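The structure appears below as C-alpha cells.
The values are calculated or read from the model by the stated rules, or taken from the named source; none is laboratory data. Please read these numbers as outputs of a predicted model, since none were measured by experiment. In this analysis, Cβ positions are derived from the backbone assuming ideal geometry, glycine residues included, and neighbour counts consider all displayed protein chains. Remember, those area values only see protein heavy atoms, side chains included, never the ligands or the DNA or RNA. Shrake-Rupley method; radii C 1.70, N 1.55, O 1.52, S 1.80 Å.
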Amino acid sequence: MSTGAPITQKTALEFKSTSLTVPVLLLAGNDMILIDQQLQEKVAQAPEFFKNSPLLIDLQKLNTQNLELDFAEIVALVRKHGFMPIGIRGGNQKQTDDALAMNLPHYSLHGANAPLTANKPAAKTLPPPVVDEPKQQSQIVENKLVTQPVRSGQRVYAKGDLIVTATVSAGAEIMAEGNIHIYGSLRGRALAGVLGDASARIFCSDLQAELISIAGIYQLSEDLSKYPAHKPLQISLDNQTLIIKEF
Amino acid sequence: MARIIVVTSGKGGVGKTTTSAAIAMGLAKRGHKTAVIDFDVGLRNLDLIMGCERRVVYDLVNVINNEATLNQALIKDKRCEQLYILPASQTRDKDALTTEGVGKILEELSKDFKYIVCDSPAGIERGATLAMYFADDAFVVTNPEVSSVRDSDRMLGILASKSRRAEKGEEPIKEYLLLTRYAPDRVKLGEMLSVDDVQEILSLHLLGVIPESKSVLNASNSGTPVILDEQSDAGQAYADIVARYLGENRPHRFIEEEKKGLFSKLFGSK
C-alpha cells in the first residue's frame, strides 16, 4: 500500500492514464419514443460502426432544461440498440446515484468539449465520400466556349479549359486554368495554366500571338515569329521551356 | 420603331462625321424620315458638315436638361425635308450626357422617325459609349492602316459587351464595316492595308469601301454631305452603302485600281 511496500515481488500490474475517443450520447429531450426512433435511424446509417460501441451518456443539456429522466430506461434503450454504456456525465445527484447502482461510473464535465467534437467526425466517417464527389466534378466542368471574336481590349477567363472558335485579336487576352484551344487566328495573348498547371497546353490553328504562356513561362511575338502562321500548332511546357510543335 | 444606327470608330479623323452626314442624307433622300445626332459634345462638327451651323439655337444638352423641347432643338434640313439634325453643345463637355437623358431623347425620336443616326465622338469614353449604348446597328468606320483597325477592333469589343442589347441579353448589335479613305494604288504598293487584310483582322461584314477623294474635303468645306455630289466617287460609294444597308444587292466598287486609258496616262490623272 505504502511506498514502503515490498518491491522484491514481481510487478503484476501498473496503473496508467490514457484518453480514449468515445461516442457521447447528448440527450436533449426525454421523450423515449423519439429517442428510440432517432437512435434507430443513426444506427441504421452505420450498423457495424455502432455495434458493441462504448457509449458515454451526457445528461447536461437535459438537466439544464430540468427534464425528468428514468435513467434505467435510457440505459436499457441504448443497450437494445447495441451500445455498451460506460458511464454518465453531467448528471444530477439522483442520476449519478442511479448510474452507480447500475455499476456505471460518473465522469466529470472537464474537457466536455473534446469528446463533443470527437463524436462528430466519428459519426461522419462514412458519409464524406458522397459529399466530396460532386464538388470535384463541378470544378472540372467549368470549361468555357467562346464563339464570337475576342476583340482588342477584351479579356476572357476560364476556370477550366477555354475553347475559342473565332479569332483572338491583337490586344485581347485569354486566360485559362486549364488548356486553351483556338480555332481562329491567335493575335492577342493566350495564357494557359494560369494557376500553375504545367501540364496545360495551348492549341491553335494560326499562331500570330503577342504572347503565349503556360504556368507563367512565356514567350513574346518576337520569339514566335520563326514559327509558321496559318498552321495548326500545339504549345506545351517541358522542363520550364515552352515547346511549340506542328501537328 | 426607329432603327438606331451608331457611326463609330474609336480612332479620330477617320470619317465618322462625314459618314454620318452622308448616310443620314442618303436615307432621307430615299424617303425615310431620318434624324442625325451629334454626340461630340464640346467639339461640335456635324452642323458644319451638314451646313446648318448658322441655324443652331438649342442643342442635345439643352434637351437632356429640359431647357428646350426636342422639336425646338431639331433643325430641319433645307435640301431634304425628311432629314433633321440634332446638334451637340459646343460650350459643355461629355459629362453633360446621361444615359437616362439620351435614352429619353432616342425613345421620343423613335416615335416618328424611321432611322436615327448617332455620330459618335472619337475615343471610348462617355460620349462614345453613350452614342452606341442604345444602337441597333453599328457602322464601324475604319481607315486601311493598323492603328485605325486596332481601335475599331476595340470598339467592336465594347459594342459586344457594353451596349443595352448586350446588357439585356438581346440580339447583339449588327456590325458593318465601312472602309474609308481607301486608295487602291497605295494598297498595290504595299503602303496601305487591303480590304482583305482588314476583313481578316476584323472578321466583319463589309458594307462598302469609300475611296480617298478630294470631293470629301470639298463637300465638308461647303457644308454639303458628300452623297449629294453624285458625280464624285465618294458620293457614289456612299449611295451604294445606303442601298446595301437597305437590302439592295450592289457589287463593291472602288476596291480595284481604275484602269487608266491612254489619254489619262499621257496627261496625268484628272
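A compact table of results
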| read-out | value |
| --- | --- |
| Filter result for the condition that a residue is out of contact with any His (no Cβ under 8 Å at 6 or more places or on another chain) and closer than 30 Å to residue A:66 by Cβ, over A:20, A:25, A:39 | A:25 |
| Conditions (1) touching an Asp or Glu at 6+ places or on another chain (Cβ under 9 Å); (2) free of Cβ contacts under 8 Å to residues at least 60 places away in the same chain; (3) within 14 Å of chain A (Cβ to nearest Cβ): number failed by residue B:172 | (1) |
| Segments classed as helices (runs of 4 or more DSSP H), wholly inside the stretch B:1-76, with at least 1 members that are more than 21 Å from residue B:138 (Cα to Cα) | B:46-50, B:60-64, B:70-73 |
| Residue in the stretch A:230-242 that is out of contact with any helix residue (DSSP H, G or I) (no Cβ under 7 Å at 6 or more places or on another chain), under 30 Å from residue B:158 (Cβ atoms) and open to solvent by 10 Å² or more (accessible area, probe 1.4 Å) present | yes |
| Whichever residue in the stretch B:75-88 is surrounded by fewer than 18 Cβ atoms within 10 Å (Cβ to Cβ) and without any contact (Cβ under 8 Å) to a residue 60 or more places away in the chain and, among such residues, is nearest to residue B:29 (Cα to Cα) | B:81 |
| Neighbours by Cβ (under 6 Å, 6+ apart or cross-chain): first from the stretch A:162-181, within 13 Å of residue A:147 (Cβ to Cβ) and more than 14 Å from chain B (Cβ to nearest Cβ); second basic (Lys, Arg) and not in a loop (DSSP other than H, G, I, E, B) | A:162/A:144 |
| Residue B:234 vs. criteria open to solvent by less than 30 Å² (accessible area, probe 1.4 Å), touching a strand residue (DSSP E or B) at 6+ places or on another chain (Cβ under 8 Å), away from chain A (no Cβ under 14 Å) and aliphatic (A, V, I, L, M) | yes |
| Selected residue (only one of A:138, A:225, A:152, A:213 is modelled with pLDDT of 95 or more and of a type in the set (Ser, Thr, Tyr)) | A:213 |
| Hey, residue B:91 polar (S, T, N, Q), out of contact with any Lys or Arg (no Cβ under 7 Å at 6 or more places or on another chain) and open to solvent by 90 Å² or more (accessible area, probe 1.4 Å) or not | yes |
| Which listed residue, of B:67, B:53, is out of contact with any strand residue (DSSP E or B) (no Cβ under 7 Å at 6 or more places or on another chain), surrounded by fewer than 18 Cβ atoms within 10 Å (Cβ to Cβ) and touching a residue at least 24 places away in the same chain (Cβ under 8 Å) | B:53 |
| When residues of the stretch B:129-147 are limited to those that are buried (at least 24 other Cβ atoms within 10 Å of the Cβ) and within 13 Å of chain A (Cβ to nearest Cβ), the one nearest to residue B:245 (Cα to Cα) | B:138 |
| Lone unmet requirement of (1) in contact with a Lys or Arg (Cβ under 7 Å, 6 or more places away or on another chain); (2) among the hydrophobic types (A, V, I, L, M, F, W, C); (3) closer than 28 Å to residue B:177 by Cα for residue B:61 | (3) |
| Test for residue B:154: is it at the interface with another protein chain (Cβ under 10 Å from one of its Cβ atoms), farther than 17 Å from residue B:4 by Cα and open to solvent by 60 Å² or more (accessible area, probe 1.4 Å) | yes |
| Among the residues listed as B:243, B:183, the single one being surrounded by fewer than 16 Cβ atoms within 10 Å (Cβ to Cβ) and either aliphatic (A, V, I, L, M) or at pLDDT 95 or above (or both) | B:243 |
| Flag if residue B:210 is touching a residue at least 40 places away in the same chain (Cβ under 8 Å) and over 20 Å from the mean Cα position of the chain (by Cα) | no |
| Single unsatisfied condition, residue B:202 versus (1) closer than 24 Å to residue B:145 by Cα; (2) away from chain A (no Cβ under 14 Å); (3) surrounded by 19 or more Cβ atoms within 10 Å (Cβ to Cβ); (4) not polar (S, T, N, Q) | (2) |
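To keep it simple, each residue is scored yes or no on (1) modelled with pLDDT of 95 or more; (2) more than 19 Å from the chain's Cα centre (by Cα).
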| position | (1), (2) |
| --- | --- |
| B:75 | yes, no |
| B:80 | yes, no |
| B:86 | yes, no |
| B:89 | no, no |
| B:104 | yes, yes |
| B:122 | yes, no |
| B:138 | yes, no |
| B:152 | yes, no |
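One line per residue, one yes/no per condition, for (1) touching a residue at least 24 places away in the same chain (Cβ under 8 Å); (2) assigned to a strand (DSSP E or B); (3) within 14 Å of chain B (Cβ to nearest Cβ); (4) out of contact with any Ser or Thr (no Cβ under 7 Å at 6 or more places or on another chain):
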site	(1), (2), (3), (4)
A:148	no, no, yes, yes
A:184	yes, yes, yes, no
A:191	yes, yes, no, no
A:228	no, no, no, yes
